[in-house]
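Here the structure is laid out as structure tokens; the discussion comes afterwards.
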There are 2 protein chains.
Amino acid sequence: MIRPRLMIPGPIEFTDEVMAAMGQPTKSHVDPDFVAVFGQALRDLRKVFLAGDDYQPFILAGSGTLAMDSAIANLVEEGDGVLVVDTGYFSERMADICRRYGGRVDLLSAAPGDTITPEQVAERLNSRNYELVTVTHVDTSTGVLVDVEGVAKVAKEAGTLVVVDGVCATAGEEMRQAEWGVDVYLTASQKAIGTPPGLALLVVSPEALAKWRGRRTAVGSYYGDWGPWLPIMEAYEGLRAAYFATPAVNLVEALAVSLKQILDEGMEQVFARHRRISDAVKAGISALGLEQVPTDMRHAAHTLTCPRYPPGVDASFLKEVRKAGAILAGGLHPKIKTEYFRIGHMGAVNANDALAAVAAVEAGLRAVGYAVEPGVGLAAAQAVLTAA
Amino acid sequence: MIRPRLMIPGPIEFTDEVMAAMGQPTKSHVDPDFVAVFGQALRDLRKVFLAGDDYQPFILAGSGTLAMDSAIANLVEEGDGVLVVDTGYFSERMADICRRYGGRVDLLSAAPGDTITPEQVAERLNSRNYELVTVTHVDTSTGVLVDVEGVAKVAKEAGTLVVVDGVCATAGEEMRQAEWGVDVYLTASQKAIGTPPGLALLVVSPEALAKWRGRRTAVGSYYGDWGPWLPIMEAYEGLRAAYFATPAVNLVEALAVSLKQILDEGMEQVFARHRRISDAVKAGISALGLEQVPTDMRHAAHTLTCPRYPPGVDASFLKEVRKAGAILAGGLHPKIKTEYFRIGHMGAVNANDALAAVAAVEAGLRAVGYAVEPGVGLAAAQAVLTAA
């Protein structure tokens, strides 16, 4: 049997070069070769995020939730006002984390599938004083994309820091951290960044570092505190070994390979590829007669697609899709969990993967008795992929 | 050139089977095959720790410092008395973490190279009320071993919980968590557990879980909070997928392989092998005329050896050792950092590795002009290895 493609919203399929780095003999964390690799990964992370030279990257052993935890633990103090732009499951997690560290949290919530506009954010920021705005760039639970450029603009005008959770977006969705004025952009390794799970990644603006340096109280979390990590990141970037806690050596080596592959392709090309693949998958899904969770394709993510099950079809159909060659994910948002499924298409995804996913959905639908003409979804996808 | 053996106190050399698991295509974190592997790793972790069936294992993405952070964040509340048995750098880190979460910390400190006895701990526990005692099983900075069995006994008599940092000890030094009454035993993946760095591992007693359940206040750290993790660990062990944060899939697969290799050998055999290898390395080092940091071999760790540089030799000699085939580590304890070096011998270490390390030290010493007869260290090591 052919191994089915892993097309969930992370972990994804990684490149052969990344997996080879994973399986290499582990180096000492202070080996000069490893120090060079870690230093390069830090520099390349800044480039992939399109951040400025004065932005500080952090590469930590942990999941994406650690990246969220670390951003908030360092930037929120008791009583700080935080406006959480809420487009789903992960926005609500961000709110939980903010409350844990003493933030007084207001949610600006969209219905599942809707987004929040910069105008809505501006209105709230004008109504009350906030130290921080948090945004989920793409909420994995709904496939909804937020206009981060617009939100960051109104936040800057209000003098508020912006933390953007890019877990399901970074290196897939367009993001220009310095140009847009995003204070913290964070992600996990196993999404479009293209490295197996286990690394939390953050890039922090000078303004956010200044806010952290001016804290009145100790950072709530010990492990996520930037205090001990900052000199380590500076040392490795300066090609000197330093120790606070042992880095996840093989994951960092794999990350360095992946970041180089991304930069070799070029960020504009990477963004464009994700748009094209996404358009193709979405066209295929529409041609099969399936609706999607995002209420408007203008705020649909390009890193995943969230089709609604057609009448008479439920999550058991995903087993048939798997047999047909693609591993997809079920729903995640508590309010609509049983009504939709999710197709991840990010990282080293290509046109063949897009076609494979659409073909597997077609086959899966037919297997559970949903009438669909073979190839109709594929034809729609192919039309997008071959458009000039 | 032959790749030199990595013989620092972690990361270490991992087995081929473990590295093959690292490089396998990453599975979905909810794939039934991965769920089975994660479940097995949790069960096997309990066995390697010789913990009871009612002890709760946690496998988290993060470094060993996260394991320390998580143990303390969950068990310490504002004003709790913590007695830190201090045998070096990592004991002091434990004290820092306890303070971060509101503990009023007393240090019971040994001079570098000395240990702390159960009698000393008993005396302190009788003088004042403590909620928690922390112990560094082996402090990587000094190579000093603490009598955990004895300390746990006096702590139990005083009604105090015991947290043992096993980062440089677990699966190398003898530890019988249930029999000895250790409430939290924690470690990192990259030491004797035999998996590349990136996993924090804890096994928690029913008594510690009860203390955590009875907390008056929220756990200080979000990411390290057992609250959201506990149902995930229970689900995976029950062979059901569940989601809080994406596990480090490849590292967990590698861990499962490594734990199985350890259990296939058998814990008694593993402990005995570490003692024999350690005795051989230490005999070789002594035969070369080098002193060691531990002031008495009865409290010297079996997972690493900390030789003092002989007169006229300093850290630059480690480059010569590397050329001769072994990567060793420099000193770490701030007070004596430049006076000694460290040889790690844990995990899948064997007699050949012990001889390789001693041979490389011999060659390195000769290369920097320290007079030593070739083979004298090796002969002493070999005498131990071949003793009945």
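Only the coordinates and a few stated rules stand behind these numbers; no lab work does. The shown structure was predicted, so the numbers you read here are calculated from the model rather than taken from an experiment. All Cβ positions, even for glycine, are placed from backbone atoms using ideal geometry, and neighbour counts span all protein chains on display.
In deg cm²/dmol and to the nearest 500, what is the mean residue ellipticity at 222 nm of chain B if only DSSP H runs of at least 4 residues count, each as -39500 (n - 2.57), divided by the residue total?
Working: 14 runs with 165 residues, N = 388.
Mean residue ellipticity at 222 nm (helix-derived): -13000 deg cm²/dmol.
For the pair B:Lys260 and A:Asp33, label points projected 7 Å from Cα toward Cβ lie 2.9 nm apart.
Normalised by the number of residues in chain B, the average gap of Cα pairs under 8 Å and 6 or more apart makes the relative contact order 24 percent. Cβ crowding within 10 Å ranks A:Thr295, B:Thr246 as A:Thr295, B:Thr246, fewest other Cβ atoms first. Per-residue mean of foreign Cβ neighbours for B:197-207 is 3 (Cβ atoms of other chains, 10 Å radius). Counting every other Cβ atom within 10 Å of each residue's Cβ, A:Tyr89, A:Tyr236 order from fewest to most as A:Tyr89, A:Tyr236. Here A:Ile232, A:Ile343 are placed in order of increasing Cβ neighbour count within 10 Å, fewest first, which gives A:Ile232, A:Ile343. Dipole of the protein assembly as shown (Lys/Arg Cβ +1, Asp/Glu Cβ -1, origin at the Cα centre): which of A:Leu378, A:Leu318, B:Ile232 lies farthest to the positive side? Ranked along the dipole, the leading option is A:Leu378.
If you filter region A:241-336 for trypsin sites (Lys or Arg not before Pro), then keep DSSP loop positions with at most 14 other Cβ within 10 Å, what is left?
Hits after loop and neighbour filter: A:Lys335.
Kindly identify region B:32-77 as rounded, prolate or oblate by the Cα gyration tensor criterion: order the square roots of the eigenvalues as a ≥ b ≥ c, call it rounded if a/c is under 1.5, otherwise compare a/b with b/c, prolate if a/b is larger, else oblate. Cα axes put region B:32-77 in the oblate bin.
How big, on average over all directions, is the shadow cast by the Cα convex hull of region B:16-265, in nm²?
On the way: hull surface 49.0 nm².
For region B:16-265, the mean projected area of the Cα convex hull comes to 12.2 nm².
Against the empirical curve 2.2 N^0.38 Å, the C-alpha radius of gyration of region B:112-254 lands at a ratio of 1.14. Karplus-based coupling profile of region A:46-52, in residue order and whole Hz: 4, 5, 5, 7, 6, 9, x, with θ = phi - 60° in 6.51 cos²θ - 1.76 cosθ + 1.60 and x standing for Gly or Pro. Averaged over the residues of B:188-196, the number of partner chain Cβ atoms lying within 10 Å of the residue Cβ comes to 3.
Less than 5 angstrom separates the built amide H of B:Leu304 from those of B:His345, all sequence-distant by 5 or more or on a different chain.
The alpha-carbon of A:Lys211 sits under 22 angstrom from the alpha-carbons of these lysines, leaving out residues fewer than 8 places away in its chain: A:Lys153, A:Lys156. For region A:16-265, the dipole from Cβ point charges (+1 on Lys and Arg, -1 on Asp and Glu) about the Cα centre works out to 620 debye, to the nearest 20. For the residues of A:64-71, the average number of beta carbons from a partner chain within 10 Å of their own beta carbon is 4.
If you take the alpha carbon atoms of region A:1-99 and fit the smallest convex hull around them, that volume is 178 Å³ per residue.
For the protein assembly as shown, compute Rh as the Kirkwood radius over C-alpha pairs and then the Stokes-Einstein diffusion coefficient at 37 °C and 0.692 mPa s; write the answer in µm²/s, rounded to an integer.
Numbers: Rh = 27.0 Å.
Roughly 121 µm²/s, to the nearest whole number.
The Kirkwood hydrodynamic radius of region B:267-388, based on inverse pair distances between different Cα atoms, is 14.3 Å.
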